[in-house]
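Take a look at the structure below.
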Amino acid sequence: MARSKAKKKRVELRDNAIVRYLRETRSEMRKVHWPTRQEAENLTKIVLAVTVSMALFLGLSDYLFSLEVRGLVSGSAIAYGVVIVVAVASVVTIIILNRQNV
C-alpha cells in the first residue's frame with residue numbers, strides 16, 4: 001500500500017512539474033516584445049543583404065586566394081611579388097595600429 005501512494009505521488013509531482021513548466025512558459029511568452037510586420041520585414045531585408053554581401057565577399061576572396069596559390073605552386077614571379085607586397089603591407093598596418101594604441 002505504501003508503494004502505490006509513493007507511485008501516485010511521483011506521478012502527481014511529474015504532472016505538476018509539467019503543468020508548472022507550461023504555465024511559466026506561457027507567462028514568459030506574454031512578456032516577449034514581438035516585432036510588428038514592418039519591423040520583421042525590415043530586419044529580414046537587412047539579414048538577406050548582409051548574407052548576400054558576405055557570400056559575394058567570401059566568394060571573391062576564395063577565388064583570389066586560389067589564383068594566388070596556383071601562382072605560387074607554378075612558381076610565378078607575380079605571385080611571389082603579391083605575397084611580398086601583402087606581407088609588407090600587413091607589417092606596416094600592424095606597426096601603425098600599435099603606435100595608435102600607445
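Each value in this text was obtained by applying a stated rule to the coordinates, not by laboratory testing. This structure is a prediction, so every number in the text was calculated from the model and none was measured. FYI the Cβ positions are ideal-geometry reconstructions off the backbone, even for glycines, and counts take in every protein chain you see.
What does the charge add up to near Asp62, with Lys and Arg as +1, Asp and Glu as -1, over the other residues with Cβ less than 13 Å from its Cβ? Computed value for this residue: 0.
3J(HN,Hα) along region 47-54, derived from phi through the Karplus expression 6.51 cos²θ - 1.76 cosθ + 1.60 where θ = phi - 60°, amounts to 4, 5, 5, 5, 5, 5, 5, 5 Hz, with x in place of Gly and Pro.
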